[in-house]
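Written below as structure tokens is the structure these notes are about.
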Amino acid sequence: MVKVQPAAPGQDGWLLRKFPNSDKAVKVFKIVRVSGINCLLLGCVWCAYYAFMGRYELSALFVALSAIGLACIRMVRQADLRRGPVVAHGLFLIVTLMALIDSPSAEVPRSVHLFFLPLAVGSSFVFGAERRYMGNGFQVLCLLAFGWFAFAGPSGVDPALSPPASVRQVGAAANVATATALLGTILGIYRKDLMSRIPLAKDLGMAISDNQLRVFYQPQVNADGQIFGAEALVRWQHPERGLLTPEKFIPLAEETGLIDDLGNWMLAESCRQLKAWENDPQLSRVRISVNVSAHQLSGGDFNAVVRETLAQTGANPQRLMLELTESALANDLGTVRSTMENIRSQGVEWALDDFGTGFSSLSVLRSLPLSKIKIDKQFVHDASRSESGKQLLVKILEIASVMQMTALAEGIEDEAQRAMLRGMGCPQFQGYLFGRPLSLHQFETLFG
Ligand code: C2E
Ligand code: MG
Ligand code: MG
């Protein structure tokens, strides 16, 4: 049975940024792109028309609409929807202003208010129902505005404000066609998403009990290139779709709450593996890092889960490391901190994953029992391309050192990157240069 629990607050934006190629993200970006192109086209056409008519104040309104269109396209390009709420409100305001001017007459009905419908449906898909205001309240606002303009909006606005009836007729037809087409497109994407996710969520619910999940291990090396650790990364051996990488199912697991069971299974498997390596002269020195979702920390008693797992498997807690992303700190920080501290007192250390991609202040990070920060691969890539990127990386390494945390650079793909980071004093690395995530057998053969 699939448990349906909302994702932890603050998670959806992070999921889209972390997995920009996931099924959900691709569809979300499609909706934003289609809406952006529509705003841009409508904005340009009407802006040109009103400028031609010498109505510069109305022309300016459509310049603003074009700017909203460009902002949507930019967000898609950057795969970052953090400005989404501002853009959605900008659009709401422009549609409201245009609907006020678009007063109905005997020849032409009001039509601009129809755009509130795609705005309501599209924003509900983009922001997700777990966002209290942007996923629920904003849609109610759009529907109320739609209803008000449909039944009670102002009429008989000064004809000097409106274009001639013949132009308004063409405009109304264009508005009805565009708003309906936009709504249809968004609903189509919505339906496709639902149809593809329901069976996958059902399959994922059974994947753990049916033994379809696999742990892959990616080597982590020190400055001398010696493997001291491995990050445990989940894979799903789907009976029909083959071996799936996390971007195909982690966002779904986060949304449905299945991430708790998946994460606990990964923890148990990693601890079992640590125990199995205990007597091997080389593998016994490997420390396994396990990813922990914000969802695992925000609900239930994760401290007890870790204690029981260590007790049941007999794994040495000092060989285990837990990785948490900054997005988890958007939740109840007090609870997150005390859970982390309790687990730390069991002997398990914490690493902060994807450092620099969230919004946590340094004072918050300092207050947490973190031993390591993992510098996100984006910083490494930027540093290989620009001088300012390089300087930023130097500063991040300084911050890690001041906070007495070990720095590990993620996403090292070539020798030049490794040499650059070594030169900056970075002590630990992970990336394709040293090894991709490997099956257990492949990982063990690295040790001869
Ligand atoms: P992460 O924890 O930041 O893991 C590192 C990701 O970067 C892995 O992707 C890894 O394959 C990839 N990577 C490593 N070196 C390089 C490189 O040199 N270049 C590039 N381009 N990529 C590199 P993967 O395995 O697809 O995992 C993606 C994310 O899925 C992980 O990011 C983590 O956030 C999540 N994840 C994976 N396993 C689990 C799990 O068991 N539990 C939870 N909660 N999340 C998991
Ligand atoms: Mg990680
Ligand atoms: Mg990472």
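The values are calculated or read from the model by the stated rules, or taken from the named source; none is laboratory data. Since we're looking at a predicted model, the values are computed, not measured. For neighbour counting, all protein chains shown are included, and Cβ atoms are generated from backbone atoms with ideal geometry for every residue, glycine included.
Residues satisfying the criterion are present in the range 377-387 (criterion: away from ligand 3 (no atom under 15 Å from the Cβ), at pLDDT below 95 and either within 24 Å of W350 (Cβ to Cβ) or buried (at least 18 other Cβ atoms within 10 Å of the Cβ) (or both)). In the range 350-371, of all residues being crowded, with 21+ Cβ neighbours inside 10 Å and charged (D, E, K, R), the one that is nearest to ligand 2 (Cβ to nearest atom) corresponds to D353. Restrict the check to the range 269-285 and report whether at least one residue is near ligand 1 (Cβ under 8 Å from one of its atoms) and either under 21 Å from L352 (Cα atoms) or aliphatic (A, V, I, L, M) (or both). Within the range 269-285, not a single residue is near ligand 1 (Cβ under 8 Å from one of its atoms) and either under 21 Å from L352 (Cα atoms) or aliphatic (A, V, I, L, M) (or both). Looking at the range 405-419, can you tell me whether even one residue there is at pLDDT below 95, hydroxyl-bearing (S, T, Y) and not in a helix (DSSP H, G or I)? Within the range 405-419, not a single residue is at pLDDT below 95, hydroxyl-bearing (S, T, Y) and not in a helix (DSSP H, G or I).
So that you can scan it fast, the table gives a plain yes or no per residue for (1) of a type in the set (S, T, N, Q); (2) over 18 Å from V45 (Cα atoms):
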| position | (1), (2) |
| --- | --- |
| L70 | no, no |
| V76 | no, yes |
| A79 | no, yes |
| A88 | no, yes |
| I94 | no, no |
| S103 | yes, yes |
| A106 | no, yes |
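Do we have any residue at all in the range 263-285 that's in the same structural domain as L408 (by TED's automatic domain parsing), within 16 Å of ligand 3 (Cβ to nearest atom) and in contact with a helix residue (DSSP H, G or I) (Cβ under 7 Å, 6 or more places away or on another chain)? Yes, that holds for at least one residue.
A quick yes/no check of all residues on (1) without any contact (Cβ under 8 Å) to a residue 60 or more places away in the chain; (2) loosely packed, with under 15 Cβ neighbours inside 10 Å:
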{"residue": "K395", "(1), (2)": "yes, yes"}
{"residue": "M405", "(1), (2)": "yes, no"}
{"residue": "E410", "(1), (2)": "yes, no"}
{"residue": "G435", "(1), (2)": "no, no"}
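Taking every residue in the range 325-354 that is within 14 Å of R366 (Cβ to Cβ) and not assigned by TED's automatic domain parsing to the domain that holds R131 and pairing it with any residue that is surrounded by fewer than 19 Cβ atoms within 10 Å (Cβ to Cβ) and of a type in the set (F, W, Y), at least 6 positions away or on another chain, the pairs with Cβ-Cβ distances below 8 Å are E326/F359. Cβ separations smaller than 7 Å between residues 6+ apart or across chains give the following pairs from the range 257-278 residues that are under 16 Å from Q296 (Cα atoms) to residues that are among the polar types (S, T, N, Q) and in a helix (DSSP H, G or I): I259/Q296; D260/Q296; G263/Q296; L267/T309; A268/T309; A268/T313. Taking (1) part of a helix (DSSP H, G or I); (2) under 22 Å from L42 (Cα atoms) in turn, G135 satisfies each apart from (2).
The residues on offer are E231, E247, and the sole one that is among the acidic types (D, E) and in contact with a strand residue (DSSP E or B) (Cβ under 6 Å, 6 or more places away or on another chain) is E231. Check the range 363-372 and report whether any residue there is in a strand (DSSP E or B), touching a Ser or Thr at 6+ places or on another chain (Cβ under 6 Å) and within 16 Å of ligand 3 (Cβ to nearest atom). Yes: the range 363-372 contains one or more residues that are in a strand (DSSP E or B), touching a Ser or Thr at 6+ places or on another chain (Cβ under 6 Å) and within 16 Å of ligand 3 (Cβ to nearest atom).
Considering Q312, Q282, the condition of being away from ligand 2 (no atom under 14 Å from the Cβ), loosely packed, with under 14 Cβ neighbours inside 10 Å and closer than 15 Å to W265 by Cα is satisfied by Q312 alone.
On the stretch given as the range 354-374, residues that are at pLDDT 95 or above and either within 11 Å of ligand 1 (Cβ to nearest atom) or under 20 Å from L16 (Cβ atoms) (or both) total 1.
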